[in-house]
Amino acid sequence: MVGMAEIDVYVVWDDAVTGYNFGPSHPMHPLRLDLTAKLAMDFGLFDAENVHVNPIGEIDEAKLARLHDPDFIAAVRQAGTAEGLDEQDATKYGIGTEDVPGFENMHAASAMLFQGSVNAANAIISGDYLRAVNFCGGMHHAMPGKASGFCVYNDAAGAITEFLDAGYERIVYLDTDAHHGDGVETFFWDDPRVLTISIHESGKFLFPGTGFPADIGGLKAAASAMNIALPPRAGDAEWLRAFDATVPQVVAAFEPQVIVSQHGCDGHRADPLTHMRLSVDAMRIAAERIRDLAVEHADGRWLSVGGGGYAIIDVVPRAWTNLLAIAAGRDIDPAARIPGRWAAYAQTKTGREAPLSMTDGFDGSFEPWSKGFDPEAELDRAVMGTRKNIFPFFALDPYFD
């Protein structure tokens with residue numbers, strides 16, 4: 001078997017992605033991408049022999065137009081001009097809103113994120129790479145004809161479509177963002193070739209208000225969607241228990257040819273937009289589990305993207321630097337100190353002190369589902385709702401598998 005550190009990884013990075021900028025007061029500030037890239041550099045990941053960093057290059061407008069409606073794309077272009085959109089079109093297309101304000105060159109900047117994930121997919125399809133990372137992507141709320149939740153074009157759906165066009169017949173999309181991956185689910189709701197899995201804070205309490213256990217796919221593709229909707233304030237051990245109770249079993253049964261995963265880190269306890277209570281350690285452990293699932297069930301093929309995450313100095317750079325390291329087989333010791341040069345740069349940019357190390361102190365322990373189901377626990381009841389809705393379709397027993 002090839003050693004982990006010998007696996008070549010295709011990494012998308014281009015300074016121009018920071019042009020995806022909704023303004024200085026918007027939660028999705030492009031500084032989070034810049035800080036991630038610089039932290040990865042200071043940990044030596046961009047210089048590693050098996051890490052191949054690639055700019056995005058030209059935008060393939062035809063690929064974008066396969067997924068998004070022409071009138072919507074035209075509206076995005078218009079929103080990026082001095083005239084902008086009128087109020088009616090802003091409402092219709094979800095642009096010019098508080099969540100997705102228009103900005104200069106909006107189409108080009110949004111299309112870059114999309115193209116990055118398309119390029120990452122093609123790197124794997126070519127056979128030159130087993131793994132690819134576009135931490136700039138993960139725009140999972142974008143719909144075919146409407147922007148939503150800070151997302152304009154759906155790059156994850158673009159990557160999945162590349163795999164489908166290349167003849168892949170079993171693709172798992174696994175979304176670990178605190179928000180339901182509603183856009184990607186919508187694109188493939190009736191496609192049995194794509195299994196979308198989303199583990200998130202319940203839509204009863206959090207945008208976009210969707211993604212419940214009974215949402216399992218369209219009439220043409222029953223059990224093509226699995227939603228694990230967790231109670232607010234779920235912590236590390238609970239979140240990992242929910243993952244352990246649902247994801248490995250269904251992925252194994254589906255037998256994917258590739259895993260596409262979204263690693264929004266807004267479930268962190270420091271994030272201002274959700275109610276989850278996660279650490280970067282739980283996110284690191286989940287990324288390691290996903291890597292292992294790809295090795296076990298998808299011949300190692302794994303494409304990962306970023307997503308949400310609005311604690312731009314304390315969380316996002318650490319979470320996605322870990323993701324890059326894990327993809328490269330160069331896992332960073334959780335106790336590793338944050339490089340001084342990066343800490344100084346981050347403080348200069350934000351006026352805040354950087355975290356001291358790559359850990360929040362969580363040791364990774366949790367009670368595995370195999371130890372038993374507790375009907376008195378809110379989390380266990382939520383997980384069992386998912387298991388009962390999905391497991392029978394895969395010949396799995398919700399109580400014993």
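Table for the structure above
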item	result
The range 333-364, subset among the polar types (S, T, N, Q) and more than 18 Å from G267 (Cβ to Cβ), residue least open to solvent (accessible area, probe 1.4 Å)	S357
Qualifying positions in the range 275-288 - β-branched (V, I, T) and either within 13 Å of the chain's Cα centre (by Cα) or open to solvent by less than 10 Å² (accessible area, probe 1.4 Å) (or both)	V280
Neighbours by Cβ (under 8 Å, 6+ apart or cross-chain): first from the range 8-25, open to solvent by less than 20 Å² (accessible area, probe 1.4 Å); second outside any strand (DSSP E or B) and among the hydroxyl-bearing types (S, T, Y)	V9/Y129; V12/S117; Y20/S110
Long-range neighbours under 8 Å by Cβ, at least six apart or interchain, first residue open to solvent by 50 Å² or more (accessible area, probe 1.4 Å) within the range 163-174, second outside any loop (DSSP other than H, G, I, E, B)	A166/I125; R170/L195; R170/F254
Conditions (1) part of a helix (DSSP H, G or I); (2) surrounded by 24 or more Cβ atoms within 10 Å (Cβ to Cβ): number failed by G309	(1)
Qualifying positions in the range 78-90 - surrounded by fewer than 14 Cβ atoms within 10 Å (Cβ to Cβ) and outside any loop (DSSP other than H, G, I, E, B)	E87, Q88
Qualifying residues in the range 91-112 (those that are surrounded by 21 or more Cβ atoms within 10 Å (Cβ to Cβ) and β-branched (V, I, T)) - the one nearest to the chain's Cα centre (by Cα)	V100
Residue check, D190 farther than 30 Å from R318 by Cα, free of Cβ contacts under 8 Å to residues at least 60 places away in the same chain and of a type outside the set (K, R)	yes
Odd one out for D380 among (1) closer than 27 Å to E162 by Cα; (2) surrounded by 14 or more Cβ atoms within 10 Å (Cβ to Cβ)	(1)
The range 365-377 - residue that is out of contact with any helix residue (DSSP H, G or I) (no Cβ under 7 Å at 6 or more places or on another chain) and open to solvent by 40 Å² or more (accessible area, probe 1.4 Å) and, of those, farthest from I228 (Cα to Cα)	K371
Number of the condition not met by A225 [criteria: (1) in contact with a Leu (Cβ under 7 Å, 6 or more places away or on another chain); (2) surrounded by 24 or more Cβ atoms within 10 Å (Cβ to Cβ)]	(1)
Test: R233 is farther than 21 Å from W13 by Cα and out of contact with any Cys (no Cβ under 6 Å at 6 or more places or on another chain)	yes
Test: residue in the range 317-329 that is touching a residue at least 24 places away in the same chain (Cβ under 8 Å) and open to solvent by 40 Å² or more (accessible area, probe 1.4 Å)	no
Qualifying residues in the range 357-392 (those that are among the hydrophobic types (A, V, I, L, M, F, W, C) and assigned to a helix (DSSP H, G or I)) - the one farthest from A214 (Cα to Cα)	W369
Matching residues, the range 195-239, being over 14 Å from D266 (Cβ atoms) and among the β-branched types (V, I, T)	T196, I197, T210, I216, I228
Filter result (among the aromatic types (F, W, Y) and open to solvent by 10 Å² or more (accessible area, probe 1.4 Å)) within the range 131-158	F150
Positions within the range 45-77 being open to solvent by 60 Å² or more (accessible area, probe 1.4 Å) and of a type in the set (A, V, I, L, M), in sequence order	A62
Test: residue in the range 114-123 that is more than 19 Å from V184 (Cβ to Cβ) and either open to solvent by 10 Å² or more (accessible area, probe 1.4 Å) or within 19 Å of the chain's Cα centre (by Cα) (or both)	yes
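Table: residues versus (1) modelled with pLDDT under 95; (2) β-branched (V, I, T); (3) over 20 Å from I199 (Cα atoms).
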{"residue": "L113", "(1), (2), (3)": "no, no, yes"}
{"residue": "S117", "(1), (2), (3)": "no, no, yes"}
{"residue": "A120", "(1), (2), (3)": "no, no, yes"}
{"residue": "I125", "(1), (2), (3)": "no, yes, yes"}
{"residue": "D128", "(1), (2), (3)": "no, no, yes"}
{"residue": "G137", "(1), (2), (3)": "no, no, no"}
{"residue": "G145", "(1), (2), (3)": "no, no, yes"}
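The values are calculated or read from the model by the stated rules, or taken from the named source; none is laboratory data. As the structure is a computational prediction, the values presented were derived from the model and not from experiment. Glycine also receives a Cβ, built like all others from the backbone with ideal geometry; neighbour counts cover every protein chain displayed. To get the accessible areas, we keep the full protein, side chains included, count just its heavy atoms, and leave off ligands, DNA and RNA. Shrake-Rupley method; radii C 1.70, N 1.55, O 1.52, S 1.80 Å.
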